[in-house]
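The values are calculated or read from the model by the stated rules, or taken from the named source; none is laboratory data. This one's a predicted model, so the numbers in the text were calculated from it and none came from an experiment. Neighbour counts are summed over all protein chains in view; Cβ atoms, including those assigned to glycine, are modelled from backbone coordinates with ideal geometry. The protein model used for the area step is the full one, side chains on, heavy atoms only, and it has no ligands, DNA or RNA in it. Shrake-Rupley method; radii C 1.70, N 1.55, O 1.52, S 1.80 Å.
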Amino acid sequence: MAILKVARLGHPVLRQVAAPVPPAEVTRPETQRLIDDMIETMIEYDGAGLAAPQVHVSKQIAVYAVEANPRYPQAPSIPLTVLINPRIIPLGEEQEEDWEGCLSLPDLRGKVPRYVRVRVEAVDRHGKRLEFTATGFHARVVQHETDHLLGKVYLERMRSLDSLSFLREFLRYQGRGSVIQE
Ligand code: NI
């Protein structure tokens, strides 16, 4: 396992549409190693999620996990999930705005509207088909990560840049203890 270098905004890899992983490549050792390294990198930098383009690999792979933390009850626990070639289908029109951060945009936070309910279709790291409905914070994380696979970052999803804040000012003026970033 290895901690990988995280691409920051301005690196072209973050703006490319990531390539799908061919089914035969999912279980190959190099893909499995990349997934393990992405998980280790996400944990090392306290991310809620990480997409392969963020570690300079333009492939449709994303990982995420949120551990239950009694200090941040607004962030529900989400088990470690690996999504390969994900497809996201909004269920309904309803959106809600909440704060996001991103390991590729260090020390920034902004309010981003996301669909409240989405259907997720993907394959897992064993090549098994995954289908589930994600709601609320889980749906937010999935949309943030799959956006990275489309070459997008959360800034483009913001309705306005008025809420964009540095972390220090976010903590001071929004009074939010949680610093979830993906
Ligand atoms: Ni991100």
Task: Within the range 115-134, tally of residues that are touching a residue at least 60 places away in the same chain (Cβ under 8 Å), assigned to a loop (DSSP other than H, G, I, E, B) and open to solvent by less than 70 Å² (accessible area, probe 1.4 Å) - done: 2
- [ ] Could you check, for the range 72-89, whether at least one of its residues is of a type outside the set (A, V, I, L, M), within 12 Å of the ligand (Cβ to nearest atom) and surrounded by 18 or more Cβ atoms within 10 Å (Cβ to Cβ)?
- [x] no
Open item on the list: Checking Ala68 against (1) hydrophobic (A, V, I, L, M, F, W, C); (2) at pLDDT 95 or above; (3) over 22 Å from Tyr154 (Cα atoms), only one condition comes out false. Which one?
Closed with: (2)
- [ ] For the range 138-153, state whether one or more residues are farther than 24 Å from Gln16 by Cα, open to solvent by 20 Å² or more (accessible area, probe 1.4 Å) and under 16 Å from the mean Cα position of the chain (by Cα).
- [x] yes
- [ ] Return the only residue of Val13, Val21 being open to solvent by less than 30 Å² (accessible area, probe 1.4 Å), outside any helix (DSSP H, G or I), closer than 19 Å to Thr146 by Cα and of a type in the set (Val, Ile, Thr).
- [x] Val21
- [ ] Check whether at least one residue in the range 105-123 is of a type outside the set (A, V, I, L, M, F, W, C) and within 11 Å of the ligand (Cβ to nearest atom), and report yes or no.
- [x] yes
Open item on the list: What's the number of the only condition in (1) open to solvent by less than 40 Å² (accessible area, probe 1.4 Å); (2) at positive phi; (3) in contact with a Leu (Cβ under 8 Å, 6 or more places away or on another chain) that Asp107 fails to meet?
Closed with: (1)
- [ ] Identify the single condition in (1) over 18 Å from His56 (Cα atoms); (2) not in a loop (DSSP other than H, G, I, E, B); (3) not hydrophobic (A, V, I, L, M, F, W, C) that Thr146 does not satisfy, given that it satisfies every other one.
- [x] (1)
Task: Selected residue [hydroxyl-bearing (Ser, Thr, Tyr), in contact (Cβ under 8 Å) with a residue 24 or more places away in the chain and out of contact with any Phe, Trp or Tyr (no Cβ under 7 Å at 6 or more places or on another chain)] from Ser77, Ser104 - done: Ser104
Task: Those residues of the range 122-137 which are over 21 Å from Asp36 (Cα atoms) and either of a type in the set (Asp, Glu) or out of contact with any strand residue (DSSP E or B) (no Cβ under 6 Å at 6 or more places or on another chain) (or both), in sequence order - done: Glu131, Gly136, Phe137
TODO: Looking only at the range 100-119, count how many residues are touching a Ser or Thr at 6+ places or on another chain (Cβ under 8 Å), among the hydrophobic types (A, V, I, L, M, F, W, C) and under 21 Å from Leu14 (Cα atoms).
DONE: 1
